[in-house]
1. Local charge sum around residue 151 (other residues, Cβ-Cβ under 15 Å, Lys/Arg +1, Asp/Glu -1)?
2. By accessible area of protein heavy atoms, probe 1.4 Å, what ranking do 34, 108, 19 get, highest first?
3. Working from the alpha-carbon coordinates of the chain, get Rg over Rh, Rh being the Kirkwood radius.
4. Could you pull the Rg and Dmax for the range 1-71, using just the Cα atoms, both in Å?
5. Solvent-accessible area of residue 147, probe 1.4 Å, all protein chains present, reported in Å² to the nearest ten, please.
6. Below 8 Å between Cα atoms, with a sequence gap of 6+, how large is the relative contact order for the range 1-94 in percent?
7. Taking the DSSP beta bridges in the range 1-107 as the whole, what percent of them are antiparallel, to the nearest 5?
8. Which percent of the accessible area of the range 1-129 is formed by carbon and sulfur heavy atoms (probe 1.4 angstrom)?
Amino acid sequence: MTRWPLPEYMRLALAQARKAAESGEVPIGAVVVKDGEVIAAGRNAPRERHDPTSHAEMEAIRTAARILGNERLEGCELWVTLEPCAMCAGAIVHARIARLYYGASDPKGGAVEHGARVFEQEQCLHRPEVYPGIGEAESADLLRKFFRERR
């Protein structure tokens with residue numbers, strides 16, 4: 001359990017993750033914030049949408065880009081409950097997200113502190129500030145519960 005209150009943005013990302021779980025998707029949620037205002041939210045939906053790219057981060061980034069009318073999300077923050085995979089890390093780079101906050105680490109599929117470590121590659125065109133472990137216990141508990149119930 002977290003020793004201090006979770007930031008509101010991570011609470012909102014966790015709410016999105018719970019919505020994903022309710023619809024049978026892996027419980028991952030994300031929100032995009034600009035100038036202190038939530039402008040987009042997303043949850044995992046690849047099964048529902050029959051789209052392998054419908055990860056929470058991708059959904060939130062797509063929505064934010066439409067709302068802002070720009071593929072560059074400069075000055076935006078992305079709050080997500082799980083360490084992004086390589087696809088999502090690549091989208092974060094291309095969107096020019098300024099800061100990434102995430103909850104649980106993902107040693108199997110993550111690509112920020114594990115695996116490909118996308119932001120550390122020489123070819124990486126943009127490197128966001130990264131803040132891991134925010135809401136880690138809550139995010140990990142939600143994932144464990146989801147998979148335990150399916151076994």
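1. Net local charge, residue 151 excluded: +3.
2. Output order, biggest surface exposure first: 108, 19, 34.
3. Values: Rg = 14.2 Å, Rh = 15.1 Å.
Across the chain, the Cα-based Rg/Rh ratio is 0.94.
4. 12.7, 39
5. Roll a 1.4 Å probe over it and residue 147 shows about 80 Å².
6. Reported relative contact order: 26 percent.
7. 70 percent
8. Of all accessible area on the range 1-129, carbon and sulfur atoms account for 51 percent.
The values are calculated or read from the model by the stated rules, or taken from the named source; none is laboratory data. What you are looking at is a predicted structure, and each value in this text was computed from that prediction instead of being measured. Positions of Cβ are generated from backbone atoms using ideal geometry, with glycine treated the same way; all protein chains shown enter the neighbour counts. When the accessible area is computed, the model is the full protein with side chains, heavy atoms only, and any ligands, DNA or RNA have been set aside. Shrake-Rupley method; radii C 1.70, N 1.55, O 1.52, S 1.80 Å.
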